[in-house]
Amino acid sequence: MLSSLLRTPFATMHKRLVDLLPETRDRLAKIRRGHGNKVLGPITVEQIIGGMRGIKGLLTQTSRLDAFKGIKFRGLSLPECQIRLPSVRREPIPEAMFYLLITGEVPSNDEAEDLKKDIAERAQTFPNYVEKIVNSLSKDLHPMSQLSIGVLALQNESEFAQAIRRGEKRGNLWQSALEDSLNLISRIPKLAAMIYVNKYRDGKLGEIRENADLSENFCRMMGYHDEKFWELMRLYLTIHCDHEGGNVSAHTTHLVGSALSDPYLSYSAGLNGLAGPLHGLANQECLRFILGMKEAIGESPSEIDIEKYLKDTLAKGFVIPGYGHAVLRVTDPRFVCQMEFAQRYMPNDVLCKLVASLYKVAPRVLKDLGKVSNPYPNVDAHSGALLTHFGMTEYDFYTVLFGVSRAIGVCASFVWSRALALPIIRPASVTMENLEEFVRKT
Ligand SMILES: CC(=O)SCCNC(=O)CCNC(=O)[C@H](O)C(C)(C)COP(=O)(O)OP(=O)(O)OC[C@H]1O[C@@H](n2cnc3c(N)ncnc32)[C@H](O)[C@@H]1OP(=O)(O)O
Ligand SMILES: O=C([O-])CC(=O)C(=O)O
């Protein structure tokens with residue numbers, strides 16, 4: 001028996017999935033049975049060498065990325081989520097986003113409220129032994145490595161792993177996946193906050209409130225008591241949560257999960273991908289870049305100064321962090337949301353103004369290189385300036401915030417992957433000799 005089956009919110013979400021499952025499984029079975037042989041697209045040699053760009057090779061229920069319109073969560077764009085999902089002020093609460101990703105439905109205020117309480121309650125049950133492990137880690141260890149270790153330590157709690165051990169039917173595994181996901185999403189903020197206060201503060205966690213949302217409680221634990229910061233964190237945690245299935249963190253989590261590794265093992269693996277500078281670590285690199293630029297050319301540089309600074313950076317062989325994307329071909333709508341937040345709450349902030357000035361120049365400079373597929377800013381280009389405004393200046397922690405958010409999306413996908421009993425992922429690879437032989441024959 002799952003430990004929290006009797007909790008009302010879990011029971012509500014569980015019941016909704018039970019209702020949705022037969023129809024969804026049936027839809028997938030029909031597609032497979034009737035159309036399994038149909039060809040969705042070719043695979044070119046360039047795609048094999050070039051990181052599989054554009055190959056549609058994954059089934060992901062929770063979100064879909066359009067190169068020109070950006071991300072849609074269960075069919076809703078970011079502005080639509082801001083309008084429709086339950087919020088405290090304007091930005092959706094993270095719990096509402098999880099409900100949407102899991103069920104495909106906008107939760108009512110009551111449903112979101114129930115889930116909020118459930119998550120706050122679960123957050124109180126953080127295992128002592130994990131606290132000891134995290135507190136024993138060297139303060140020099142990068143916060144992302146600490147986060148990944150902490151998640152692996154939490155794995156001892158996995159109900160999914162127990163279900164596997166007792167030989168649970170594959171078709172039922174989604175239930176323990178949901179239970180683990182709720183525990184993981186509830187505990188990750190505390191784990192991240194422990195890493196924060198240990199590394200940058202006096203090691204003491206702030207108190208959490210039973211009636212607060214995940215964002216407020218996360219901020220309180222880290223020692224932030226400004227309501228606007230809680231609202232920024234709501235924005236941060238909802239916009240970073242999911243970006244369809246092919247990004248490195250979601251893809252890795254999905255791949256590892258396909259071996260029936262539990263949600264903790266799978267998400268920890270995803271975090272290690274998120275920690276790469278071309279993916280989530282760009283978060284910290286962006287602020288480092290903006291601060292370096294401010295130091296070199298001042299608080300209100302001219303466009304000519306910025307252009308020269310960018311060209312010098314590129315000439316040294318560095319990328320411009322926060323610019324470019326493997327799929328997007330326009331300014332990331334997640335960047336736009338953050339710019340709007342800055343205009344609403346901190347129109348005179350020096351760093352946010354620098355981010356805006358950079359946005360006027362960088363696309364032109366990158367376009368002139370002639371090789372950059374997308375010269376526009378992505379989600380990472382703005383967040384550091386916003387966080388710094390509220391005093392969170394420790395930029396090597398930023399990717400941890402990204403990780404806290406990404407748990408919401410990858411866990412929702414994990415539950416669906418098990419609910420649809422998706423098989424182990426095992427694409428074929430070719431050698432260079434295979435490619436040469438192919439090229440000779442064509
Ligand atoms: C949450 C996220 O993960 S969003 C992405 C966060 N990452 C960053 O912001 C890091 C900076 N950006 C980049 O490195 C890239 O744009 C990526 C990794 C995001 C996308 O990579 P790709 O799809 O391979 O990009 P693209 O097809 O445009 O690459 C072509 C060339 O342009 C270069 N390029 C792409 N973006 C940039 C950039 N921001 N600055 C300088 N050069 C760039 C690439 O390095 C590559 O050069 P090369 O052929 O000499 O190796
Ligand atoms: O989609 C991607 O490849 C990277 C990204 O923006 C994300 O994962 O949020």
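Some values worked out for this structure:
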item	result
Number of the exception - LEU205 against (1) part of a helix (DSSP H, G or I); (2) under 16 Å from PRO127 (Cα atoms); (3) open to solvent by 10 Å² or more (accessible area, probe 1.4 Å)	(1)
Tally, over the range 343-354, of residues that are more than 21 Å from ASP396 (Cα to Cα) and buried (at least 21 other Cβ atoms within 10 Å of the Cβ)	0
Residues within the range 282-297 that are open to solvent by 30 Å² or more (accessible area, probe 1.4 Å) and either under 30 Å from LEU178 (Cα atoms) or more than 16 Å from ligand 2 (Cβ to nearest atom) (or both), tallied	6
Wholly within the range 35-142, helices (runs of 4 or more DSSP H) carrying at least 1 residues that are within 30 Å of GLU436 (Cβ to Cβ) and touching a Gly at 6+ places or on another chain (Cβ under 8 Å)	45-49
Residue tally, condition near ligand 1 (Cβ under 9 Å from one of its atoms) and open to solvent by 20 Å² or more (accessible area, probe 1.4 Å), over the range 322-335	4
Check on GLY223, in the same structural domain as GLN155 (by the TED database) and open to solvent by less than 20 Å² (accessible area, probe 1.4 Å)	no
All positions within the range 31-56 that are open to solvent by 60 Å² or more (accessible area, probe 1.4 Å) and within 16 Å of ligand 2 (Cβ to nearest atom)	MET52, ARG53, GLY54, LYS56
Within the range 406-436, considering residues that are not in a helix (DSSP H, G or I) and not hydrophobic (A, V, I, L, M, F, W, C), the one most open to solvent (accessible area, probe 1.4 Å)	ARG426
The range 236-253, subset within 12 Å of ligand 1 (Cβ to nearest atom) and assigned to a helix (DSSP H, G or I), residue farthest from ASN283 (Cα to Cα)	HIS251
Residue under evaluation ALA212, criteria (1) in a helix (DSSP H, G or I); (2) within 24 Å of the chain's Cα centre (by Cα); (3) small (Gly, Ala, Ser), criterion not met	(1)
Candidates SER383, SER357, SER373, filtered to the one that is within 16 Å of ligand 2 (Cβ to nearest atom), open to solvent by 30 Å² or more (accessible area, probe 1.4 Å) and at pLDDT 95 or above	SER373
Conditions (1) without any contact (Cβ under 8 Å) to a residue 60 or more places away in the chain; (2) more than 12 Å from ligand 1 (Cβ to nearest atom); (3) crowded, with 24+ Cβ neighbours inside 10 Å; number of the one not met by ARG364	(3)
Identity of the residue in the range 264-281, within 11 Å of ligand 1 (Cβ to nearest atom) and surrounded by 24 or more Cβ atoms within 10 Å (Cβ to Cβ), that ends up nearest to VAL415 (Cα to Cα)	LEU274
Whichever residue in the range 351-405 is outside any helix (DSSP H, G or I) and among the β-branched types (Val, Ile, Thr) and, among such residues, is farthest from ASP140 (Cα to Cα)	VAL372
Subset tally (residues that are in a loop (DSSP other than H, G, I, E, B), away from ligand 2 (no atom under 16 Å from the Cβ) and in contact (Cβ under 8 Å) with a residue 40 or more places away in the chain) for the range 300-326	2
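Rundown of residues vs (1) free of Cβ contacts under 8 Å to residues at least 60 places away in the same chain; (2) under 19 Å from the mean Cα position of the chain (by Cα); (3) closer than 26 Å to GLU227 by Cβ, yes/no style:
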position	(1), (2), (3)
VAL106	yes, no, yes
LYS117	no, no, yes
ALA120	no, no, yes
TYR129	yes, no, no
ASN135	no, no, no
SER138	yes, no, no
PRO143	no, yes, yes
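Results for (1) on the phi > 0 side of the Ramachandran plot; (2) open to solvent by less than 10 Å² (accessible area, probe 1.4 Å), shown as yes or no for each residue.
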| position | (1), (2) |
| --- | --- |
| LEU141 | no, no |
| GLY150 | no, yes |
| LEU154 | no, yes |
| GLU159 | no, no |
| ALA163 | no, yes |
| GLY167 | yes, no |
| LEU173 | no, yes |
| SER181 | no, yes |
| LEU191 | no, yes |
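The values are calculated or read from the model by the stated rules, or taken from the named source; none is laboratory data. Because the structure is predicted, anything quoted here is derived from the model rather than measured. Counting neighbours? That spans all protein chains shown, and the Cβs are built from the backbone with ideal geometry, glycine included. Protein only, heavy atoms only, side chains kept; ligands, DNA and RNA dropped before computing areas. Shrake-Rupley method; radii C 1.70, N 1.55, O 1.52, S 1.80 Å.
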